[in-house]
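I have placed the structure first, in the form of structure tokens, so that the comments after it can refer back to it.
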Amino acid sequence: MITIRQARAGDQIAMQQCNLTNLPENYQMKYYLYHFATWPELSYVAENENGRVVGYVLAKMNDDQDAKLPLDGHITSLSVMRSYRRLGLAERLMNQAQRAMVELYGSKCVSLHVRVSNKAAFSLYKNTLKFDVDHTETKYYADGEDAYAMKKNLEGLYATEMDSLDF
């Protein structure tokens, strides 16, 4: 049985290992810690029955100086170990992060980047998770590969406490 739970500071090594195993772009430990310290409620892990982290989503809110309220969410990284793919874990992880963005921050939109060459991830985002391509960012990745900048409208997808209040 696989459990999805909120990531904790102690999970960063397992998350980084999942990242190093599956993805060409890798993050230093301080980047995970920055996410945990700033947006602790937005990142989630998938754990197998032995407590091993087999997938994660690392998420944040776009809080640039020119950002307007409500803040948009952003998926920094999503990874599932190869032997646990095609079980719906990526979708479950993404849904948890998106729900938290809406319920805690009132987010109306979430964005992410995906390599143009990553057909499987693109299909997941486009067909399963219903993201749309906003534009292509030339040479987005360190190795010079382009990225699709994708967005998803979150309005109306998750009920918020405000939706149920009577005035």
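The values are calculated or read from the model by the stated rules, or taken from the named source; none is laboratory data. All figures in this text were calculated on a predicted structure; none of them were measured in a lab. Side chains are part of the model used for accessible areas, which takes the heavy atoms of the whole protein and leaves out ligands, DNA and RNA. Shrake-Rupley method; radii C 1.70, N 1.55, O 1.52, S 1.80 Å.
Amide H neighbours of MET81 under 5 Å, at least 5 residues apart or on other chains, H built in the peptide plane: list them.
It is GLY55, by chain and number.
Stretch MET29-ILE4 to full length: gain in nm at 0.36 nm per residue minus the Cα-Cα span?
6.8 nm
Rank these by accessible area, largest first, 1.4 Å probe: LYS152, LYS60, LYS119, LYS108.
Sorted descending by solvent-accessible area, the residues read LYS119, LYS108, LYS60, LYS152.
What number comes out for accessible area per residue over the chain if the probe is 1.4 Å? Units Å², please.
Each residue of the chain exposes 57 Å² on average to a 1.4 Å probe.
Considering only DSSP beta bridges whose two residues both sit in the chain, what percent are antiparallel, to the nearest 5?
Approximately 95 percent, going by the DSSP bridge assignments.
ASP146's amide H: which non-local residues (gap 5+, or another chain) put their own amide H closer than 5 Å, with H modeled 1.01 Å from N in plane and none for Pro or chain starts?
Under 5 Å from the amide H of ASP146 lie the amide H atoms of VAL116, LYS139, TYR140, each far enough along the sequence or on another chain.
Quick one: with all protein chains in place, what share of the accessible area of the stretch 1-125 is carbon or sulfur, to the nearest percent (1.4 Å probe)?
51 percent
Rounded to the nearest 10 Å², what accessible area does ASP66 have for a 1.4 Å probe in the complete protein model?
120 Å²
From largest accessible area down, sort LEU87, LEU58; use a 1.4 Å probe on the protein chains.
Ranked from most to least accessible, the order is LEU87, LEU58.
Extension gain ARG82-THR138, at 0.36 nm per residue separation less the Cα-Cα distance, in nm?
Taking ARG82 through THR138 to full extension adds about 17.3 nm, to one decimal.
Which helices, taking whole DSSP H runs in the chain, have alpha carbons extending 20 angstrom or more along the helix axis plus mean Kyte-Doolittle at least 1.0?
Length and hydropathy pass: none found.
How many angstrom lie between the C-alpha centres of the stretch 32-46 and the stretch 108-135?
For the stretch 32-46 versus the stretch 108-135, the Cα centre distance is 21 Å.
Based solely on its DSSP helices, what 222 nm [θ] is calculated for the chain when runs of n ≥ 4 H residues each add -39,500 (n - 2.57) and the sum is averaged over all residues, nearest 500 deg cm²/dmol?
-7500 deg cm²/dmol, from helical runs alone.
Once fully extended, how much extra length lies between ASN127 and ASP66, figured as 0.36 nm per residue of separation less the alpha-carbon to alpha-carbon distance?
18.8 nm
Residues with amide H under 5 Å of ASP72's amide H, sequence separation 5 or more or different chain, H placed in the peptide plane at 1.01 Å from N; which?
So ASP72 has HN proximity to ASN62.
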